[in-house]
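Student: Below you will find the structure I want to go over with you.
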Amino acid sequence: MMATGNQQDVFRRVVITGMGALTALGTNVATNWKNILAGKSGVRQIQQFKSDHFPVRIGSEVDLDQIELDDFEETLRPFLTRSVKLGTSAIKEAWRDASLEEVQLNPWRSGLIVGASNFPVIEEDEYSWPTEALRQDHYQDQYLAICREMPQLLAQRDIGMVSTLLAAPYPLKGPCMTIQSACASATQAIGEAYQMIREGKVDLMVVGGADSMLSAVCVTGFTLLSVASFYQGDPTLACRPFDRKRDGLVLGEGSGILILEELEHALGRNARIHAELIGYGSSCDGYRFTDSHPEALGPIRCMRAALKDAGLQPEEIDYINAHGTSTPQNDRVETYGIKQTFGEHAYHIPISSTKSQIGHLLCASGGIELVVTVMALKTGIAPPTINLENPDPDCDLDYIPVHPRQVDIHAAMSNSFGFGGQNGTLIVRQWSS
């Protein structure tokens with residue numbers, strides 16, 4: 001029950017009944033979790049393009065040969081971007097995990113919301129697109145010919161196509177949306193779906209994120225923004241959140257998907273429940289293109305909103321999966337924001353950054369990080385922040401360096417603080433009837 005103005009609104013409870021994951025560390029939740037607890041890193045030299053002479057040449061990359069696309073009709077396959085291919089693998093696992101294969105869902109009360117970007121499978125430079133005289137009329141025929149021959153070039157630029165294609169093989173005819181709000185995309189996608197369920201608009205939602213920005217164009221863009229790591233040694237040591245020697249984020253790709261259900265809907269079909277989703281906060285401080293406000297105005301408001309939504313006091317949070325990008329600015333600001341939100345309790349909360357092992361999955365990061373947070377909740381093991389060997393004095397909280405830790409976790413928080421000041425926070429707790 002939550003107060004709104006002078007009235008009391010009774011919201012329906014929302015539970016997580018399925019999870020799927022695909023990263024450089026594994027093709028499913030179990031393998032990813034095992035490798036995360038083992039302190040492994042998925043970072044290596046990028047293979048999607050000839051990266052040898054790029055100043056930034058490392059990333060956390062997925063082998064697409066591991067992904068089956070048999071759920072898609074042949075006519076749809078040309079439209080599948082890398083993000084869609086990554087997402088379909090995690091959705092398939094989450095659907096099975098939730099035991100939905102034989103369930104007769106009401107498709108109009110079931111939907112999908114994911115955080116994603118959409119870059120084309122086919123790059124323009126393969127087709128000698130005109131450059132100097134783009135506006136001259138005699139090039140029109142060349143453009144028309146290319147677009148007629150390869151219509152997927154246009155469709156692949158439509159961000160809405162990600163959710164449309166991911167939903168296509170399933171009985172999901174309710175809300176279907178793609179959210180693109182930078183690094184907060186997947187977290188906001190989960191939060192918006194959570195609100196729809198608890199307000200009675202839908203009963204079941206497939207949520208999370210799927211993203212890849214490891215193309216030459218994207219890597220170049222992040223290089224020019226000076227936010228990517230230029231580390232030239234062992235790639236697995238490059239991403240070091242909260243370490244004073246950190247020099248930037250490491251790009252990753254993959255997908256993290258969850259099945260959210262209204263509690264009675266889940267109990268009515270005897271579903272296994274992983275955790276209960278109880279809080280969501282969202283904000284935008286709009287400070288700079290790549291930075292949060294130095295006083296963490298957006299993150300603080302976001303975390304406080306999630307706590308209020310969950311009906312919890314700060315002291316009731318037992319673990320935080322941090323945004324933890326390994327950029328000098330973000331890690332300092334997030335540390336400050338946690339201190340302002342939790343007060344003295346901030347120094348007693350185990351915190352870790354999954355990005356130290358799988359890199360920054362950008363629009364998909366909040367999906368996989370909520371999966372990791374739920375696994376920590378279920379197992380009582382908080383994952384490590386690997387490569388944290390030289391703590392930054394400005395980042396003086398308990399960031400669980402190097403090795404995982406046994407922790408009694410009843411409620412946990414997952415943070416996503418993105419470019420442009422977009423912020424999202426989710427809170428989950430152990431399931432109990």
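Student: Please indicate, with yes or no, whether at least one residue in region 395-408 is out of contact with any Phe, Trp or Tyr (no Cβ under 6 Å at 6 or more places or on another chain), of a type in the set (Asp, Glu) and assigned to a helix (DSSP H, G or I).
Tutor: No - not one qualifying residue is present in region 395-408.
Student: Just to be sure, is Arg246 of a type in the set (D, E, K, R) and more than 20 Å from Thr354 (Cα to Cα)? Talk me through it step by step, then tell me what you get.
Tutor: Working: of a type in the set (D, E, K, R): yes; more than 20 Å from Thr354 (Cα to Cα): no.
No: the conditions fail for Arg246.
Student: Does Thr335 fit the bill of being in contact (Cβ under 8 Å) with a residue 60 or more places away in the chain and part of a helix (DSSP H, G or I)?
Tutor: yes
Student: Can you tell me which residue within region 339-364, out of those that are under 21 Å from the mean Cα position of the chain (by Cα) and farther than 16 Å from Ser41 by Cβ, is surrounded by the most Cβ atoms within 10 Å (Cβ to Cβ)? If you could, list the steps in order and put the result at the bottom.
Tutor: Going residue by residue through region 339-364, those that are under 21 Å from the mean Cα position of the chain (by Cα) are 350-364.
Those left that are additionally farther than 16 Å from Ser41 by Cβ: 350-351, 362-364.
Details: Pro350: 20, Ile351: 24, Leu362: 30, Cys363: 33, Ala364: 35.
Checked region 339-364; the qualifying residue surrounded by the most Cβ atoms within 10 Å (Cβ to Cβ) is Ala364.
Student: Could you pull out the residue among Thr223, Thr187 that is under 25 Å from Asn423 (Cα atoms) and either modelled with pLDDT under 95 or surrounded by fewer than 17 Cβ atoms within 10 Å (Cβ to Cβ) (or both)?
Tutor: Details: Thr187 fails: either modelled with pLDDT under 95 or surrounded by fewer than 17 Cβ atoms within 10 Å (Cβ to Cβ) (or both).
Criteria check complete, one pass: Thr223.
Student: On to the next question. Here's a check for you: in region 282-302, which residue that is under 22 Å from the mean Cα position of the chain (by Cα) and either closer than 21 Å to Met375 by Cα or among the acidic types (Asp, Glu) (or both) is modelled with the lowest pLDDT?
Tutor: For region 282-302, the residue satisfying everything is Asp291.
Student: So, one more: Looking at Gly111 and the list (1) surrounded by 13 or more Cβ atoms within 10 Å (Cβ to Cβ); (2) over 23 Å from the mean Cα position of the chain (by Cα), which single condition is not satisfied?
Tutor: Unmet condition: (2).
The values are calculated or read from the model by the stated rules, or taken from the named source; none is laboratory data. Quick caveat, the model's predicted, so the values are computed rather than measured. We place every Cβ from the backbone using ideal geometry, glycine too, and count neighbours over all the protein chains shown.
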